[in-house]
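One structure is given here, and the rest of the page talks about it.
The values are calculated or read from the model by the stated rules, or taken from the named source; none is laboratory data. Quick caveat, the model's predicted, so the values are computed rather than measured. So basically every Cβ, Gly included, is an ideal-geometry build from the backbone, and we count neighbours across all protein chains shown. For the accessible areas, the whole protein counts, side chains as well, though only heavy atoms, and no ligand, DNA or RNA atoms are used. Shrake-Rupley method; radii C 1.70, N 1.55, O 1.52, S 1.80 Å.
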Amino acid sequence: GCFILQLNRIRLFAGLPLDVVSGGTVNQFRAISAGLKALKLLGLEGVELPIWWGVVEHESMGKYNWSGYLTIAEMVRKAGLKLYVTLCFHASSQPKIPLPEWVLDIGKTKSNIFFKDRAGKPYRGCLSLAVDELAVLNGKTPMEVYQDFCESFKSAFSAFIGSTITGITMGLGPDGELRYPSHRGFAKSDTVPGAGEFQCYDKNMLHLLKQHAEACGKPKWGLGGPHNAPAYSELPTANTFFKDHGGSWESPYGDFFLSWYSSQLIAHGDRLLSLASSVFSDSAVNIFGKVPLMHSWHGTRSHPSELTAGFYNTATRKGYEEVAEMFARNSCKIILPGMDQSDKYQLKESLSSPESLLAEIGTACNKHGVGISGQNSTVGAPDGLKQIKKNMLSENLNDSFIFQRIGAQFFAPEHFPLFIEFVRKLNQPELHSGNLPTKEGTTTATDSVHTRSNLNIHMQSA
């Protein structure tokens, strides 16, 4: 019986639209209001709110505008829901939300504050981790700027933190994830994804690499990244670095480079999570960080997509141990996306396995006692809700799940009824559900949602 009671504890959240706030105002105020009521009726625990650096500290350093986000926090509180907040120190391409204007201005003359690829092309979606502790932002380091941002957030939202706000996710890189921007632009879903590219070519990354190579007594190894690695969209087999047998990834040089590249990423995650832990240590909130599911090519020995993203995980090396250990050290939980992805719907040619990669990361988290919060990667993946349910009831029990995201697609007639059914089944497992202590009136609440199809109409515009 205790197994069932466990299930009842999965807290379900739904992500609000990425651009729910622009400037100081809430977009689609009435639709969001209606949406919050619908989610409350369904028995969800709360919603997740992305808070953008580029929106809040838009014009100049240290000048913050929290007003739109405070309005949302108040709406969520009134609706009787909880709030997870995501602090986004990255840019979004769809919808377009750039980094703060003053940061981009600095970047016009100092492009080395951004990651660069082998061709020297900068990635303007987030700052390079190599400048974390360099005073490149008008005399301040990015770490100091992130800290000021977190402190300002904490005082602006003090009335909500620990009561309405129960979780805070720290953005750790591109799309908020702990990784390098190794894939630029979106691969079309019907094409085989490439291996991705190493992102170690900005001046500061190269400087760190050179120092490391000299310290190891191999100065020649510090002149740049692997010269025989393929380009973004090329297959891993297009060159010799990732070759399954006899590839350079398995050579002493490969080990030197990959362990350096991944340790830089983990050190960056460590800096940001320990900053969040210290700023919010006296608040009753969970701190999260997001780790991506780079599952393409997971069926090869070298796992190119993981290596270029900064995870030194191969057929012969358990790379997520260090990641989980770093989260454990900072008492943070991991958000894992891709819980809606199943192996059978992946392109055969990409040797992809989201399921085995998820299990691998889950094992590392369990070993280090790190809690997992699940996420889906899209609305409407084939059999996605079924797969989510399977993952949530597996032994790597998540303490919460954040469904991404509400909007027109989410409330569409081909999705919303399925979601209602999914939530109902999750909250009341079929097994002996009669013995379950249900919350007063849960069932009537879910039943009444069926009769409230007019909710859909309100929400179409969201």
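Is it true that residue 249 is surrounded by 24 or more Cβ atoms within 10 Å (Cβ to Cβ), of a type in the set (Phe, Trp, Tyr) and in a loop (DSSP other than H, G, I, E, B)? Answer is no for this residue.
The set of residues in the stretch 391-434 that are of a type in the set (D, E, K, R) and either open to solvent by less than 60 Å² (accessible area, probe 1.4 Å) or at pLDDT below 90 (or both) comprises 395, 399, 405, 424, 425, 430.
Considering the stretch 148-165 alone, what residues qualify as being of a type in the set (Phe, Trp, Tyr) and either open to solvent by 30 Å² or more (accessible area, probe 1.4 Å) or in contact with a helix residue (DSSP H, G or I) (Cβ under 7 Å, 6 or more places away or on another chain) (or both)? Scanning the stretch 148-165 gives 149, 157, 160. Taking residues in the stretch 186-211 that are at pLDDT 90 or above, and partners anywhere that are β-branched (Val, Ile, Thr), the pairs with Cβ atoms closer than 7 Å and at least 6 places apart or on different chains are 195/308; 196/308; 197/308; 198/308; 204/131.
Residues in the stretch 15-46 that are in contact with a Lys or Arg (Cβ under 9 Å, 6 or more places away or on another chain), part of a loop (DSSP other than H, G, I, E, B) and open to solvent by less than 30 Å² (accessible area, probe 1.4 Å) were compared, and the one that is farthest from residue 70 (Cα to Cα) is 44.
Filtering the stretch 367-380 to residues that are surrounded by fewer than 22 Cβ atoms within 10 Å (Cβ to Cβ) and either assigned to a strand (DSSP E or B) or more than 18 Å from the chain's Cα centre (by Cα) (or both) leaves 367, 368, 369, 380.
Looking at the stretch 118-129, is at least one residue polar (S, T, N, Q) and modelled with pLDDT of 95 or more? First the steps, then the outcome.
Within the stretch 118-129, the subset polar (S, T, N, Q) is 128.
With modelled with pLDDT of 95 or more added as a condition, the list becomes 128.
Checked the stretch 118-129: at least one residue is polar (S, T, N, Q) and modelled with pLDDT of 95 or more.
Scanning the stretch 337-366 for residues that are acidic (Asp, Glu) and either farther than 18 Å from residue 402 by Cα or over 15 Å from the mean Cα position of the chain (by Cα) (or both) turns up 343, 349, 355, 360.
Do we have residue 219 as open to solvent by 50 Å² or more (accessible area, probe 1.4 Å) and at pLDDT 95 or above here?
Details: open to solvent by 50 Å² or more (accessible area, probe 1.4 Å): yes; at pLDDT 95 or above: yes.
Spelling it out, residue 219 is indeed open to solvent by 50 Å² or more (accessible area, probe 1.4 Å) and at pLDDT 95 or above.
Within the stretch 56-74, track down each residue that is within 25 Å of residue 376 (Cα to Cα) and touching a helix residue (DSSP H, G or I) at 6+ places or on another chain (Cβ under 9 Å). Walk me through how you get there before you give the answer.
Filtering the stretch 56-74 for residues within 25 Å of residue 376 (Cα to Cα) gives 69, 72-73.
Passing the criteria: 69, 72.
Counting the residues of the stretch 80-94 that are modelled with pLDDT under 95 and closer than 30 Å to residue 40 by Cβ gives 1.
Could you grab me the full set of residues in the stretch 288-328 that are closer than 30 Å to residue 162 by Cβ and either more than 19 Å from the chain's Cα centre (by Cα) or buried (at least 21 other Cβ atoms within 10 Å of the Cβ) (or both)? If you could, list the steps in order and put the result at the bottom.
Step one: of the stretch 288-328, the residues closer than 30 Å to residue 162 by Cβ are 288-292, 323-328.
Residues satisfying the conditions are 288, 289, 290, 291, 292, 323, 324, 326, 327.
I want to confirm something. Restricting to the stretch 47-81 and keeping residues that are assigned to a loop (DSSP other than H, G, I, E, B) and of a type in the set (A, V, I, L, M), which single residue is nearest to residue 24 (Cα to Cα)?
Taking the stretch 47-81 and keeping what is assigned to a loop (DSSP other than H, G, I, E, B), we get 57-66, 79-81.
Adding the requirement that they be of a type in the set (A, V, I, L, M) leaves 61, 79, 81.
On the way: 61: 17, 79: 21, 81: 22 Å.
Among those residues, the one meeting the criterion is 61.
Of 175, 255, all but one fail to be of a type in the set (Asp, Glu), open to solvent by 30 Å² or more (accessible area, probe 1.4 Å), under 22 Å from residue 133 (Cα atoms) and at pLDDT 95 or above; the exception is 175. Among the residues of the stretch 330-350, those that are out of contact with any Asp or Glu (no Cβ under 9 Å at 6 or more places or on another chain) and of a type in the set (S, T, N, Q) comprise 331, 346, 350. What are the residue pairs meeting all of these: first residue in the stretch 276-294, first residue under 18 Å from residue 360 (Cα atoms) and modelled with pLDDT of 95 or more, second residue buried (at least 22 other Cβ atoms within 10 Å of the Cβ) and of a type in the set (S, T, N, Q), Cβ atoms under 8 Å, and 6 or more apart or on different chains? Within 8 Å, the pairs are 289/169; 290/169; 290/375; 293/341; 294/305.
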